[in-house]
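Taken together, the values in this text are just the output of simple stated rules run on the coordinates, not laboratory data. Since the structure is predicted, the reported quantities are computational estimates derived from the model, not experimental observations. Virtual Cβ from ideal backbone geometry, glycine too; neighbours counted across all protein chains shown.
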Amino acid sequence: MASTDTDSPDIDECSTSNGGCGQVCQNSPGTFSCACNQGYTLGADGKTCNDIDECALNTDGCEHLCTNTNGSFVCSCPEGLKLDNSGTNCVAADACLSLSCSPANIATCAVVSGAETCMCAAGYELGSNATVCQDINECNTVCNGTNIACTNMEGSHTCGCVAGFYLETAGDGTVSCVATKSFSGSIKITSRTYTADLADMTSAAFKTLAASVKTTLDDLYTSKLGDAFKGTEITGFSNGSIVTDYNVNLAPSSNETANSLSTALSDAIQDSGGSGAFSFDPSSISVSDVDECASAGANSCHMQATCDNTEGSYTCTCLTGYTDSSPAGTKSGSICEAQWTVFAP
Ligand SMILES: [Ca+2]
Ligand SMILES: [Ca+2]
Ligand SMILES: [Ca+2]
């Protein structure tokens, strides 16, 4: 334990080889910690600083194109457009004389290869008339498939899976939902200070911290569970210092329980000796089963099916008189059809 005795002089670990820190070393009474400059995040060893890929996290704010750089990122524009003073938005390099494009805040008219052309911001595409930009419905394209839960939004979308499935993204960006055993977890980070923007899951602060905490939790769980562990998803941050809520996903064949997961994470943190990108309060660890049957929106059971909660998942069973006609790859009881039709005399 670090001594708080005022008689023993503090050792400034930062005075030797910067404390082993990649960037910033912060000495404090009895101990020290590493930190990183803006644009970097502390690695799993608690010393190395890794570049944040703002383009991949979608925190860049670029209207059109984004290129990640070490410690930062740069926005750029397609042919015919140039960056304006904001550094994120694009304006026409040569103004159009005849063509007009709409809506004004999304469409820009530019001269491309000598022809006046309407250009749309990211998340939008030109309609058939080639002058009006319209939302791309990603639920029909990049976020489409069995067990996928997609919400299309103006200029964006969210992509997830129905309860009982976990979203996996392949190297080429295609997504699929694989069956999972899933639990809800909570843990308190003591080495960071809560800020109000962490309550907004769409904020750059949330996305950046969530990616970093996910990596750390994934490493900790993997060290104890191996291949049975599939990954965590950060679902929220709240004040105190930072309470992290997350889902932990396992292979469906896993025998882990809420209690064994809680013990595994606690042991993994203890084994790491408290070093790493984050300090956690071990007494704050909680893992519990999710009762997917508690509300209709939290499960994929058909309205003519019963829902039974299980540890790590749930089951759906079609009511008597109904046949289970759930498509291949989906949960049983997702679609229930009446077995016979009664004809009026
Ligand atoms: Ca970067
Ligand atoms: Ca959209
Ligand atoms: Ca459950």
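Here are some notes:
- Spread over its residues, the convex hull of the C-alpha atoms of segment 218-345 is 130 Å³ per residue.
- Förster-model FRET efficiency, 25 Å R0, LEU65 and GLU168, C-beta, rounded to 0.05: 0.40
- Within a straight-line Cα-Cα reach of under 21 Å, LYS331 can be paired with the following lysines, leaving aside sequence neighbours fewer than 8 residues apart in one chain: LYS181, LYS230.
- Computed from the alpha carbon positions, the gyration tensor of segment 1-64 leads to an equivalent ellipsoid with semi-axes of 34, 11, 9 Å, biggest first.
- Highest average packing first - 92-101, 183-192, Cβ atoms within 10 Å: 183-192, 92-101
- Candidate lysines for bridging to LYS82, where Cα separation is under 21 Å - those fewer than 8 sequence places away on the same chain excluded: none
- Computed over the chain, the alpha-carbon pair-distance distribution with 20 angstrom bins reads 23, 46, 27, 4, 0, each value a whole percent.
- Label zone at ASP267, where the point sits 7 Å out along the Cα-to-Cβ direction: segment 178-205 residues whose backbone N lies under 12 Å: none
- Site pair SER288 and ASN85 shows an inter-label distance of 5.3 nm when each label is modelled 7 Å from Cα along Cα→Cβ.
- Segment 180-290 - convex hull of alpha carbons, volume per residue in Å³: 89 Å³
- Normalised by the number of residues in segment 180-290, the mean separation of alpha-carbon contacts (under 8 Å, six or more apart) gives a relative contact order of 44 percent.
- In this structure, MET201 and ASN37 have a Cβ-Cβ separation that, at R0 = 30 Å, corresponds to a calculated FRET efficiency of about 0.75.
- Extension reserve of the MET303-MET153 stretch, reckoned as 0.36 nm per residue once the Cα distance is removed: 51.3 nm
- Relative to its Kirkwood radius, the Cα radius of gyration of segment 109-187 gives an Rg/Rh of 1.17.
- Between the beta carbons of THR146 and ASP12, assuming R0 = 45 Å, the FRET efficiency works out to 0.20 to the nearest 0.05.
- Length gained on full extension, ASP245 to LYS214: 10.1 nm, using 0.36 nm per residue less the C-alpha separation.
- Straight-distance crosslink candidates among lysines, where the alpha carbon sits under 16 Å from LYS188 and sequence neighbours closer than 8 are dropped: LYS214
- The alpha-carbon positions of segment 77-135 define a convex hull whose volume is 79 Å³ per residue.
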